[in-house]
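Let me begin by presenting the structure, written as structure tokens, before commenting on it.
The values are calculated or read from the model by the stated rules, or taken from the named source; none is laboratory data. Note that the structure is a prediction, hence the values are computed from the model and not measured. All Cβ positions, even for glycine, are placed from backbone atoms using ideal geometry, and neighbour counts span all protein chains on display. Heavy atoms of the whole protein, side chains included, go into the accessibility calculation; ligands, DNA and RNA do not. Shrake-Rupley method; radii C 1.70, N 1.55, O 1.52, S 1.80 Å.
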Amino acid sequence: MSNIKFGTDGWRGIIADDYTFENLKIVSQAVADYMGSGKNIAVGFDTRFMSGVFAKLCAEVLRNNGLKVILSDRPLPTPALSFAVSRKKQDLGVMITASHNPAEYNGFKIKVSSGGAAGPEVTSAVEALLGKNPVKADSDSTRGNIKTENLVSDYVKFIRSYIDFKKIKNKKFKVLVDSMYGSGDSFIAEVLKGSSIKLEFLRNTINPSFGGSRPEPVEGNLEELKKRVKAGKFDLGIALDGDADRIAAVAKGGVFIHPQKILGLLALHLNQDKGLSGGIVKTIAGTTMIDKISSYLKVKLYETPVGFKYISNLMEKEDIVAGGEEAGGMGVKGYIPERDGTVAGLLLLEMMVYRNRSIGEILDETEKQFGRYYYLRDDLHLAKRVEPKKEDLPIQLLGKKVVSVKDYDGIKLICEDESWLMFRASGTEALMRLYSEAKSLKRSAELLKLGREIILKMQ
């Protein structure tokens, strides 16, 4: 039980090590204690090994505590579970998924009644209840049954109404979707049913080993998608992570589009093409391009710590047109305050339709207007944990003066030429996350190298 801890997005653990039936029951009991009898809760699961079994066990513990439980009848994307929580007016949602983690992991995400990610106040309260009460293993027959439902059909129906299907319907763009063996499966085909979009899929079968890779839409995992987009002359490639709440994209010719740029494109599309108002949210590790776009659109720019739950919470309180994180989680106005890779991908397609250009052409125009930024990240594994302080860090980086320092989540050093270097230590292991951005790939790479040298000297 000591290994149960909620991180940036839920509790995750290695199956049969700390992610066990016993520990899952303890977490489920803590959620039941947090909620109290009589509340409504929806439970979903992804395509990972044993996810359906874990979800049923979780649902049983919740039911045994007097909660009214709806259990998905099939694997589904996390956003579909979030949408069901909101649409069916549930008090809480639980999603059994380890998102983009390797195959040996599984996890437990909590969603609040809006469908958004549970914030620290919820997860801390659940953690405080772990092991406080014995797990209710035997159900009282008067407590009712677990309702098993299709939680996907309403989700697909909503997305068909959310995008401009009439405008998209007769276009013949070629789109390739890489589901990465995750629960995103082929839902985009259901949304685009009846249209002339030429849609093909890659890795859209169930494979609990994820083909020996990890279902994370980073460039190194998308070589096949890049090759296929180039060879097949597709106008757009879309990659979804294991539970389909994150996105990466590939332009014609096999050119990878970093999620940082996707947020900018979505904000421009929703504001300029669809006439939606609202500010833009990025995290502290987000690209400077978003600052330029928000300034040009004359909308408020919000900045949060790393983690979509912070964006999600902000979307519930403020007028936000789009919010996104560097890892590919994108949330948009008029929907649930949660990230959704499928919706983000469809909005990129919709932007192509509105502007009658491929996504690569649109991105080129955007970078000509707002500047091209080269964003890099490196995870540095260390022998022991290091926590740098502002005073330990240089006042200039590679000949450029540091003019601003942000330290509310890690430490970000911003230079006079807008380039920056950021240090963010993992809270759970001896790992330093390094981020850099500059107007040239060379400087961005050199900043990242400098960051590694600074941290290794501290060891």
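Miscellaneous remarks
- Accessible area per residue for region 46-89, computed on protein heavy atoms with a 1.4 Å probe, is 31 Å².
- Accessible-area value, Thr123, 1.4 Å probe, nucleic acids and ligands omitted, Å²: 20
- Cα gyration tensor, region 1-144 - rounded (a/c under 1.5), prolate or oblate: rounded
- Near Lys400, once Lys and Arg are set to +1 and Asp and Glu to -1 for all other residues with Cβ below 10 Å from its Cβ, the sum equals -1.
- Per-selection Rg to Rh, region 81-120 - Cα, Kirkwood hydrodynamic radius: 1.05
- Using R0 = 41 Å, the C-beta based FRET efficiency linking Lys274 and Ser37 works out to 0.40.
- Calculated over region 100-212, the projected area of the Cα convex hull averaged across directions stands at 11.2 nm².
- Cross-link pairs beyond the 26 Å C-alpha cut-off, checked among Lys193/Lys233; Lys368/Lys442; Lys274/Lys442: Lys274/Lys442
- Sulfur and carbon atoms: percent of accessible area, the chain [1.4 Å]: 48
- Cα-based shape type of region 244-289, given that a ≥ b ≥ c are square roots of the gyration tensor eigenvalues and the cut on a/c is 1.5: oblate
- Computed label-point distance, nm, for sites Lys384 and Lys298 using a 7 Å Cα→Cβ extension: 5.6
- Diffusion of the chain by Stokes-Einstein, at 20 °C in a medium of 1.002 mPa s and with Rh set to the Kirkwood radius over alpha-carbon pairs, works out to 94 µm²/s.
- Estimated translational diffusion coefficient (Stokes-Einstein, Kirkwood radius over Cα pairs, 4 °C, 1.567 mPa s) of region 1-53: 104 µm² per second.
- Inter-part distance where region 391-459 and region 48-72 are each reduced to a Cα centre, Å: 44
- Volume in Å³ per residue [convex hull over Cα atoms, computed for region 127-284]: 215
- Heavy-atom accessible area per residue - region 319-443, 1.4 Å, Å²: 42
- Our summary of shape: the Cα atoms of region 274-317 have principal axis extents of 26, 23, 14 Å, ordered from largest down, in whole angstrom.
- Of the three principal axes defined by the Cα atoms of region 169-259, the extents in descending order read 37, 26, 21 Å.
- Region 30-109 - percent relative contact order, Cα under 8 Å, separation 6 or more: 37
- All Cα-Cα distances of region 356-403, cut into 10 Å bins from zero to the largest, leave 17, 26, 27, 20, 10, 0 percent in each bin in turn.
- In this structure the amide hydrogen of Ile284, modeled in the peptide plane, comes within under 5 Å of the amide hydrogens of Thr304, Val306, none closer than 5 places in sequence on its chain.
- Label-to-label distance, Ile395 versus Lys442, with points set 7 angstrom from Cα along the beta-carbon direction: 2.8 nm.
- Loop-located GluC sites (Glu not before Pro) across region 377-439 with a Cβ neighbour count of 14 or fewer within 10 Å are Glu416, Glu429, with loop assigned by DSSP.
- Karplus-derived 3J(HN,Hα) values for region 329-341, using 6.51 cos²θ - 1.76 cosθ + 1.60 with θ = phi - 60°, are x, 10, x, 9, 5, x, 9, 6, x, 8, 7, 7, x Hz; glycine and proline are entered as x.
- Cross-link reach list, lysines versus Lys282, counting only Cα pairs under 18 Å and skipping chain neighbours closer than eight places: Lys261, Lys292, Lys298, Lys300, Lys309, Lys317, Lys333, Lys406, Lys412
- The residues of region 111-246 present an accessible area of 48 Å² per residue when probed at 1.4 Å with all protein chains retained.
- Pair-distance distribution P(r) for region 313-362, from all Cα-Cα distances in 10 Å bins starting at 0: 25, 46, 26, 3 percent.
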